[in-house]
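Here's the structure, in structure tokens; my notes come after.
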Amino acid sequence: MISSLAYIHPEAIIGENVDIDPFVFIDKNVIIGDDNHIMSHSSILYGARIGKGNTIFPGVVIGAVPQDLKFKGEETTAEIGDYNLIRENVTINRGTAAKGKTIVGNHNLLMEGMHVAHDTIVGNHCIIGNATKLAGEVIVDDHAIISAAVLVHQFCRIGGYVMVQGGSRSSKEIPPYIIAGRDPLTFCGLNIIGLRRAGFSNEIIDNIHNAYRLIYNSGKTVAEALKEIRETVPMSKEIEYIISFVSESKRGITR
């Protein structure tokens, strides 16, 4: 079902069973997979790569050139995975020479008016709220929930299974499994409801709690806290994730 009122460049590659509504613009050097629905007044621009089963609502722009003055027209992409819901007026810019691509993974909900800047990587099963803005080279790990009107500084990383409260401003990195909010952004406890809904056992949740108690409430430096976590908290993939996230943080973690 491709409307005669849509414009599709003859070099664009369109998969099977794709619905394209009136007034959609699809540029050259675009690849769109099977079973997508692209609604009216959306623009799929040069360098866009879209997987299968996505629903793209009106006014979305995917693949616009980066809002970065260092961009000199390099061949870069904006890559969207499978089964995403991309709501009205979302903008996803393509990459720069820094990474060459902007990536949105699979099974994400990107709500109305949010922005994914150049070279940002959004994982899988994330929910990002209305009007939230991700600056360049941000990384959002799987299963993160970012509420509405959140501003995320460039080069920041947001861990998996976090809940970021609405209206927050993040210039530090947000470790996994926590709730972060307030102004300035701060640690507000574990995302216990989210962890239970995701099937984490009480034992694992307790271990995560003990790890963050050492990081945030023991009075120790981060290095000292990580050392004690390794010595006293039962090791698991969740604890290893916390340790690696915190120890590898380039901007420092939310305190």
### Message
Averaging the inverse of every distinct alpha carbon separation and then flipping it gives the Kirkwood radius. What is it for region 127-204, in angstrom units?
### Response
12.3
### Task
Could you let me know the centre-to-centre spacing of region 118-150 and region 199-230, using Cα atoms, in angstrom?
25
### Message
Per q in 0.17, 0.22, 0.24 Å⁻¹, report the Debye log10 I(q)/I(0) for region 50-121, using one uniform scatterer on each alpha carbon and no solvent.
### Response
-0.55, -0.88, -1.00
### Task
With a/c under 1.5 counting as rounded, go ahead and sort region 7-140 into rounded, prolate or oblate using the C-alpha gyration tensor (a ≥ b ≥ c being the square roots of the eigenvalues; past the cut-off, prolate if a/b is larger than b/c, else oblate).
oblate
#### Entry: Rounded if a/c under 1.5, otherwise prolate or oblate - region 77-228, Cα gyration tensor axes
prolate
### Summary
Classified through the alpha carbon gyration tensor (a ≥ b ≥ c as square roots of its eigenvalues; rounded if a/c is under 1.5, else prolate when a/b is larger than b/c, else oblate), region 195-248 comes out prolate
### Query
Looking only at Ile38, Ile86, Ile204, which one moves most when the chain is put into a Gaussian network model with springs between Cα atoms under 10 Å?
Ile204
### Query
To the nearest 500 deg cm²/dmol, what mean residue ellipticity at 222 nm is calculated for the chain from DSSP H runs of n ≥ 4 alone, each contributing -39,500 (n - 2.57), summed and divided by the residues?
-5000 deg cm²/dmol
### Task
Could you give log10 I(q)/I(0) at q = 0.08, 0.16, 0.17 Å⁻¹ for the chain, computed by the Debye formula over C-alpha point scatterers of equal weight, without solvent?
-0.35, -1.08, -1.17
### Query
Going by how many other Cβ atoms sit within 10 Å of their own, how do Met1, Met39, Met114, Met235 line up, fewest first?
Met1, Met235, Met39, Met114
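The numbers here are math on the coordinates, done by the rules we state, and not lab data. Please read these numbers as outputs of a predicted model, since none were measured by experiment. Here the Cβ is made from the backbone with ideal geometry for all residues, glycine too, and neighbour counts use every protein chain on show.
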